[in-house]
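Let me begin by presenting the structure, written as structure tokens, before commenting on it.
The values are calculated or read from the model by the stated rules, or taken from the named source; none is laboratory data. This structure is a prediction, so every number in the text was calculated from the model and none was measured. Cβ: placed from backbone, ideal geometry, glycine included. Neighbour counts: every protein chain shown.
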Amino acid sequence: MLKVLKFGGTSVGTLERIQNVAKIIKDIRDDGHDVVAVVSAMSGETNKLIEYANTFSKNPCEREMDMLLSSGERVTSALLSIALNEDGYATTSMSGREAGIKTTSEHTEARIEEIDTTNMKNAINNGKIIIVAGFQGVSLDNARITTLGRGGSDLSAVAIAGALKADICEIYTDVDGIYTTDPRIEPKAKKLEKISYEEMLELASLGAKVLQNRSVEMAKKLNVNLVSRSSFTPEVEGTLITQEENIMEAPVVSGIALDKNQVRVGMYKVADKPGIAASIFQSLADSNINVDMIVQTVAVDGKADLDFTIPTGDLDKTKKVMDTFMNDVENIDYNEAVCKVSIVGVGMKSHTGVASKAFSSMASENINIRIISTSEIKISMIIEEKYAELAVRALHDAYELDK
Ligand code: ADP
Ligand code: ASP
Ligand code: MG
């Protein structure tokens, strides 16, 4: 079998942990498998590099940021390769460029366009274990180093697994699979044996950072057999992320996600003229701001209050755009002390009463819901951030996810 393995930041967080990863790879190799391992930077390293850059500039050039941030993954790939070599295993480390990962030139958020597998296939045919630096590629336009967005090593691994038609892509992290909610928040969370791509994509997009959302999207598209498991307990089987039809009986609700990186923008007494909402949201879109939930309430005087949410990282850009609408509103405020809790499950499509249960569970904890949005397989609520963990646990109880 050809196995693509990915080891996240905590899994390679110390030299000892890198040795531990080497051991996992050796065991898999000794079982007769071909191995491509994709590694993250040591935990905390990417954040540290961002802080370094920010001491010189609040708005550093994104091309330089990619040069800087991609270094973390190169360190771990080389160290892991050296450790395996020392134990007599033939290895080669590869940067994203050497692994043939070709991307767009949207620096810090590049998208993978194609993978030229020549180098990787040659190395595998020569009996080598490949250790790829995750999170990076090379721009097709300008041949510069690019990075794939935070958590992007998951995407590197899935894309490589797809391109090499690997039998399996195992994402090793610090939890032994996908749980009904973040086990750090709710210790009663239950591990799922399987979860559908659709549900995993929703959970990841709504804040469960155990898998990067784009990696799940790609796994679904390329039909990659994706497994989430732990490098701390590699003997424990993880969770399989798979097609919905492979799951015999889907529960109504599969999981709860929490996203604290949310800001609620309130616009009060927006001028009563046609097209105003259109021009506000057009301007936000033109600035690449990711507006999520929107509600409008019209008061008796015909003026409207408009509430919407954005990711915390877009706050400065949003304020700049909003400043241009100051003459059309009475007041604008920004509330960073909010969070989004979401309930995800494909079973919602065919069951009623799922939403009302969420609302009454919030009510019984005296938690005020500020904004609600729903789709076929999810319900999201904006609440005060101080209630985040309480809300997650209350919802987990309400849907009996610990059973
Ligand atoms: P890595 O550094 O290996 O990429 P991450 O920190 O990105 O790991 O993701 C792993 C973390 O995701 C876990 O430590 C856990 O706290 C968190 N997490 C959030 N939601 C879930 C969930 N539903 N199931 C498992 N882990 C989750
Ligand atoms: N090191 C990068 C990050 O922290 C990529 C990754 O770990 O997947 O976002
Ligand atoms: Mg991650």
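Within segment 262-316, the residues that satisfy the criterion of being closer than 30 Å to Ala208 by Cα, in a loop (DSSP other than H, G, I, E, B) and of a type in the set (A, V, I, L, M) are Ile289, Val291, Met293.
A single entry from Ser364, Ser342 fulfils the requirement of being touching a residue at least 12 places away in the same chain (Cβ under 8 Å), surrounded by fewer than 15 Cβ atoms within 10 Å (Cβ to Cβ), touching a helix residue (DSSP H, G or I) at 6+ places or on another chain (Cβ under 9 Å) and of a type in the set (Gly, Ala, Ser): Ser364. When each of Met293, Met326 is tested for being closer than 18 Å to Ile383 by Cα and either surrounded by fewer than 17 Cβ atoms within 10 Å (Cβ to Cβ) or of a type outside the set (D, E, K, R) (or both), the lone residue that passes is Met293. Each residue in segment 131-158 was checked for being crowded, with 24+ Cβ neighbours inside 10 Å and within 15 Å of the chain's Cα centre (by Cα), and 11 of them qualify. Here is the figure for segment 198-218: residues that are within 10 Å of ligand 3 (Cβ to nearest atom) and part of a loop (DSSP other than H, G, I, E, B) total 4.
Does segment 245-258 include one or more residues that are within 16 Å of ligand 2 (Cβ to nearest atom), modelled with pLDDT of 95 or more and crowded, with 17+ Cβ neighbours inside 10 Å? Within segment 245-258, not a single residue is within 16 Å of ligand 2 (Cβ to nearest atom), modelled with pLDDT of 95 or more and crowded, with 17+ Cβ neighbours inside 10 Å. Pairs meeting the criteria (first residue in segment 4-16 and within 14 Å of Ser81 (Cα to Cα) and in contact (Cβ under 8 Å) with a residue 60 or more places away in the chain, second residue near ligand 2 (Cβ under 10 Å from one of its atoms) and assigned to a loop (DSSP other than H, G, I, E, B), beta carbons under 6 Å, at least 6 apart or on different chains) are Val12/Met42.
Determine if segment 18-34 includes at least one residue that is within 16 Å of ligand 3 (Cβ to nearest atom), of a type in the set (Val, Ile, Thr), under 13 Å from Leu84 (Cα atoms) and at pLDDT 95 or above.
Taking segment 18-34 as the starting set, the residues that turn out to be within 16 Å of ligand 3 (Cβ to nearest atom) are 21.
After this cut, where a residue has to be of a type in the set (Val, Ile, Thr) as well, the list is 21.
Going one step further and asking which of them are under 13 Å from Leu84 (Cα atoms), we end up with 21.
After this cut, where a residue has to be at pLDDT 95 or above as well, the list is 21.
The answer is yes; a qualifying residue exists.
Please work out if Lys165 is among the charged types (D, E, K, R) and at positive phi. Yes; evaluated as a whole, the condition is true for this residue.
Go through segment 236-261 and give me each residue that's charged (D, E, K, R), within 25 Å of the chain's Cα centre (by Cα) and part of a loop (DSSP other than H, G, I, E, B).
If we filter segment 236-261 for residues that are charged (D, E, K, R), which is where we start, we get 237, 244-245, 249, 259-260.
Then drop every residue that is not within 25 Å of the chain's Cα centre (by Cα), which leaves 237, 244-245, 259-260.
Within segment 236-261, just Glu237 meets the criteria.
Please determine, by comparing only the residues of segment 186-197 that are over 13 Å from Asp402 (Cβ atoms) and not aromatic (Phe, Trp, Tyr), which one is nearest to ligand 3 (Cβ to nearest atom). In this case the residue turns out to be Ile195. Taking (1) crowded, with 19+ Cβ neighbours inside 10 Å; (2) more than 16 Å from ligand 2 (Cβ to nearest atom); (3) in a strand (DSSP E or B) in turn, Ser228 satisfies each apart from (2).
So is Gln262 of a type outside the set (Asp, Glu), farther than 29 Å from Glu385 by Cα, in contact with a helix residue (DSSP H, G or I) (Cβ under 8 Å, 6 or more places away or on another chain) and modelled with pLDDT of 90 or more or not? Spelling it out, it is not the case that Gln262 is of a type outside the set (Asp, Glu), farther than 29 Å from Glu385 by Cα, in contact with a helix residue (DSSP H, G or I) (Cβ under 8 Å, 6 or more places away or on another chain) and modelled with pLDDT of 90 or more. Restricting attention to segment 19-28, does a residue exist that is closer than 18 Å to Val227 by Cβ, in contact (Cβ under 8 Å) with a residue 40 or more places away in the chain and more than 27 Å from the chain's Cα centre (by Cα)? The answer is yes; a qualifying residue exists. Within segment 40-93, can you find the residues that are more than 16 Å from ligand 1 (Cβ to nearest atom), in a loop (DSSP other than H, G, I, E, B) and not hydrophobic (A, V, I, L, M, F, W, C)? Matches in segment 40-93: Ser57, Lys58, Asn59, Pro60, Asp87, Gly88, Tyr89. Residues that are within 15 Å of ligand 3 (Cβ to nearest atom) and crowded, with 23+ Cβ neighbours inside 10 Å were ranked within segment 35-45; the one that is nearest to the chain's Cα centre (by Cα) is Ser40.
The number of residues in segment 175-193 that are over 25 Å from Glu109 (Cβ atoms), assigned to a loop (DSSP other than H, G, I, E, B) and either within 13 Å of ligand 2 (Cβ to nearest atom) or not hydrophobic (A, V, I, L, M, F, W, C) (or both) comes to 11.
Going through (1) in contact with a helix residue (DSSP H, G or I) (Cβ under 8 Å, 6 or more places away or on another chain); (2) touching a residue at least 40 places away in the same chain (Cβ under 8 Å); (3) not aliphatic (A, V, I, L, M) one by one, Gln296 falls short only on (2).
Just one of (1) free of Cβ contacts under 8 Å to residues at least 60 places away in the same chain; (2) hydrophobic (A, V, I, L, M, F, W, C); (3) over 21 Å from Glu235 (Cβ atoms); (4) assigned to a loop (DSSP other than H, G, I, E, B) fails for Ala166. It is (1).
In the set (1) touching a Lys or Arg at 6+ places or on another chain (Cβ under 9 Å); (2) within 16 Å of ligand 1 (Cβ to nearest atom); (3) outside any helix (DSSP H, G or I), Val4 fails one condition alone, (1). Any residue that is within 16 Å of ligand 3 (Cβ to nearest atom) and buried (at least 22 other Cβ atoms within 10 Å of the Cβ) - is there at least one of those in segment 94-111? No; the residues of segment 94-111 include none that is within 16 Å of ligand 3 (Cβ to nearest atom) and buried (at least 22 other Cβ atoms within 10 Å of the Cβ).
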